[in-house]
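Single-structure report; data block below.
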Amino acid sequence: MNGLLYMAVVLIWGTTWIAITAQHGQFSPVIGVFWRFVIAAGLLFLFLIATGRLKKLNLQDHLFCILQGFCIFGFNFICFYTAIEYINSGLESVIFSMAVLFNAINSRIFFSQKISAYFIPAASLGFFGILALFWHDVVSTQVQWQTLFAIGLCMLGTYGFSLGNMISIRHQKNNLDVFTTNAYGMLYGAILMAIIGWLRADVFLPKVITTQAFVALGYLAVVGSIIGFSAYFVLIKRIGAGQAAYSTLLFPLVALTISTIWENYQWHLGSYLGVIFILLGNYILFKQPKWLLQFCNKSKVA
């Protein structure tokens, strides 16, 4: 069961990046996120009510669902939807794989879990991986600041996702139903996006929407949100946030492969090195190979 959930998350979220690109330009980032989660929340509530699975939550639980909605069903997606204007979807997914490192930091902050001795070498590889991956773009005078801005947005979005993971752990420690908290979290996230969109005077309904954008929105709402997030949070409950976040390591391989075909992404030496460094860094943090610790201890003695 864990294997099926794991592969479902990888395949679903590895392909949502290209769907985000497909609907880009039809809505502002805020409105794009609003429609994605208002549709997802509506369908999920209908399913839960029809099957009698909608659970009651107390006031404190609702407040945490609001916070989760802001972190994982709002703020982080605004970051990624905005960044897609400057960098391609495959590269966004590579940065998103750093969620494993953010989860380690946040687990220490919020649940007093000891940070592994492997964290520093893993984080260092991740940093150099991102640097190698984007070096080709950063040194270009035409897109230098836009690229740096997009990298920053993706990092912020990934950290928001990690905070949402921490709230999910809190939900599960209180034996709350994953589907119910997801439904409320998506609803609250959509409400926040609606308020921001209204204050910005964004257009909620464009005069014309392409078939491609319409299909992409449906895919993001139903497959990417309802199925993807449900599978991911169930996986957190079964194997823990750290191991569940390891699935993000495989997103770049799926996303960059699709991006190569769909967006004509051009691979260069930095691309290969960047992907290798990031995946290796996350692998070290997750697998914690004994040989690395032994090597570090020998280096200290020497």
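The values are calculated or read from the model by the stated rules, or taken from the named source; none is laboratory data. No experiment lies behind these values; they were computed from the predicted model shown. Glycine also receives a Cβ, built like all others from the backbone with ideal geometry; neighbour counts cover every protein chain displayed. Note: accessible area is taken over every heavy atom of the protein model, side chains too, but ligands, DNA and RNA are not part of it. Shrake-Rupley method; radii C 1.70, N 1.55, O 1.52, S 1.80 Å.
Taking a ≥ b ≥ c as the square roots of the eigenvalues of the alpha-carbon gyration tensor, the chain is classed oblate because a/c is 1.5 or more while a/b is no larger than b/c. A Cα-only calculation for the stretch 1-150 places Rg and Dmax at 18.6, 58 Å.
Across the stretch 96-191, Cα pairs under 8 Å and at least six residues apart give a relative contact order of 36 percent. Accessible surface computed residue by residue for the stretch 55-170, with neighbouring protein chains in place and a 1.4 Å probe, gives 44 Å² per residue. In a reduced charge model with +1 at each Lys and Arg Cβ and -1 at each Asp and Glu Cβ, the chain shows a dipole moment near 1040 debye about its Cα centre. The protection proxy used here, the mean number of other Cβ atoms lying within 10 Å of each residue, ranks peptides 273-284, 105-116, 31-42 as follows, highest first: 31-42, 273-284, 105-116. One quarter of the surface of the convex hull around the alpha-carbon atoms of the stretch 12-93 equals 6.2 nm², the direction-averaged projected area. The mean sequence distance of close C-alpha pairs (under 8 Å, at least 6 residues apart), as a share of the length of the stretch 1-139, puts its relative contact order at 30 percent.
The charge dipole of the stretch 86-215, taken about the Cα centre with unit charges on the Cβ atoms of Lys, Arg (+1) and Asp, Glu (-1), comes to about 320 debye, rounded to the nearest 20.
Per residue, the convex hull spanned by the Cα atoms of the stretch 154-302 measures out at 185 cubic angstrom. Its DSSP H runs of at least 4 residues, each contributing -39,500 (n - 2.57), put the calculated 222 nm mean residue ellipticity of the chain at -24500 deg cm²/dmol, to the nearest 500. Rounded to the nearest 20, the Cβ-based charge dipole of the stretch 148-276 about its Cα centre (Lys and Arg +1, Asp and Glu -1) stands at 280 debye.
The alpha-carbon atoms of the stretch 68-218, seen along their principal axes, cover 55, 51, 27 angstrom, with the largest extent given first.
Over the stretch 55-176, with every protein chain in place, what whole percent of the accessible area is carbon and sulfur at 1.4 Å, could you tell me? In the stretch 55-176, the share of accessible area belonging to carbon and sulfur is 66 percent.
With an 8 Å cut-off on Cα pairs and a minimum separation of 6 or more residues, tell me the relative contact order of the chain in percent.
42
Taking only the C-alpha atoms of the stretch 205-271, the Rg (one decimal) and the largest Cα-Cα distance, Dmax (whole number), read 16.1, 46 Å. Of the residues Tyr86, Gly52, Ile39, the one whose Cα sits farthest towards the positive end of the charge dipole of the stretch 35-182 is Gly52 (charges of +1 on Lys and Arg Cβ, -1 on Asp and Glu Cβ, taken about the Cα centre). From the cross-link list Lys114/Lys173; Lys114/Lys237; Lys237/Lys287; Lys56/Lys114; Lys56/Lys173; Lys114/Lys290, which pairs have alpha carbons spaced over 27 Å apart? Pairs exceeding the cut-off: Lys56/Lys114.
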